[in-house]
Amino acid sequence: MSTPQVREQFLVISALGANPMELTSVLCRASQENRCGVVSSRLTRHGEYSALVLQVNGSWDALARLEGVLPALAKRHAFSVNMIRSAALDVRPNALPYVAYVSCAYRPDILNELCQFFSDHRVELENITCDTYQAPQTGGTLLNATLTVTLPPGTQISWLRDQFLDFADALNLDALIEPWRPQNP
């Protein structure tokens with residue numbers, strides 16, 4: 001008699017707090033103490049606050065215990081927390097990961113325009129990093145954005161690249177799109 005396969009269960013936790021080390025330590029310790037494992041994490045600083053996103057896995061009861069202790073931990077350590085149950089990401093073996101790099105003079109609509117372009121072409125957004133800074137030579141505000149996207153199977157890559165570069169030219173963006181490559185350690 002075979003044992004039915006149990007689907008792995010996940011909890012996605014997002015937290016905002018002023019102390020990034022304490023935030024990370026408290027949430028990772030709580031995960032471990034409740035027999036959950038951290039599958040992925042991202043921590044970024046935004047002004048005086050840090051944002052931490054964790055994906056943890058565990059049995060349904062371990063995740064339920066963790067969900068139960070998080071509000072009290074958030075109150076005790078002065079951070080805000082949100083959580084949601086999640087399934088594993090579907091395997092997409094024929095999809096192609098690409099990275100788009102964009103540099104330009106800052107305008108508030110740039111990220112929206114980039115997301116709309118990829119949405120219009122049925123390209124999925126996997127990750128986005130965007131920073132603004134003052135150019136030392138001119139004092140103008142510049143923007144650098146990196147978008148990791150997944151092209152759907154059957155996408156004609158040369159056509160999409162041409163469309164993206166035409167789009168970037170129309171908005172006066174310095175842009176490049178190329179295949180995603182693993183970072184060398």
Checklist entry - Once Rh for the chain is found with the Kirkwood sum over Cα pairs, what is the Stokes-Einstein diffusion coefficient at 4 °C and 1.567 mPa s, in µm²/s? => result 67 µm²/s
Checklist entry - Quick one: if you stick a label point 7 Å off each Cα along the C-beta vector at Val39 and Ala72, how many nm between them? => result 2.7 nm
Checklist entry - Scanning the chain for trypsin sites (Lys or Arg not before Pro) in DSSP loops with at most 13 other Cβ atoms within 10 Å, what's the longest stretch left with none? => result 36-121
Next on the checklist: Just to confirm the number: angle between the C-alpha axis of helix 20-33 and the first principal axis of the chain, 0 to 90 degrees, nearest 10?
Outcome noted: 40 degrees
Checklist entry - How big is the gap, in Å, between the Cα center of the stretch 143-160 and the Cα center of the stretch 82-111? => result 10 Å
Item to check | In degrees, nearest ten, helix 110-120 long axis to first principal axis of the chain (Cα) | outcome: 80 degrees
Item to check | Choice from Ala135, Ala145, Ala74 with maximal GNM fluctuation in the chain (Cα, 10 Å cutoff) | outcome: Ala135
Next on the checklist: What's the magnitude of the charge dipole for the chain around its Cα centre, counting Lys and Arg as +1 and Asp and Glu as -1 at the beta-carbon? Answer in Debye, nearest 20.
Outcome noted: 800 debye
Item to check | Top positive-direction residue, dipole computed over the chain with Cβ charges, set Ile128, Ala100, Ser25 | outcome: Ser25
Item to check | Apportionment of accessible area to carbon and sulfur, the chain, percent (1.4 Å) | outcome: 53 percent
Next on the checklist: Could you give the length gained by full extension between Ser80 and Gln116, i.e. 0.36 nm per residue of separation minus their alpha carbon distance, to one decimal place?
Outcome noted: 9.9 nm
Next on the checklist: Between Arg92 and Gln32, how high is the FRET efficiency from 1/(1 + (r/R0)^6) when r is the Cβ-Cβ distance and R₀ = 41 Å? Nearest 0.05.
Outcome noted: 0.85
Checklist entry - What value, in deg cm²/dmol to 500, does the helix sum -39500 (n - 2.57) over DSSP H runs of n ≥ 4 give at 222 nm once divided by the residues of the chain? => result -10000 deg cm²/dmol
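The values are calculated or read from the model by the stated rules, or taken from the named source; none is laboratory data. Quantities reported herein were computed from a predicted structural model and do not represent experimental measurements. Positions of Cβ are generated from backbone atoms using ideal geometry, with glycine treated the same way; all protein chains shown enter the neighbour counts. Side chains included, ligands, DNA and RNA excluded: accessible areas come from the protein's heavy atoms. Shrake-Rupley method; radii C 1.70, N 1.55, O 1.52, S 1.80 Å.
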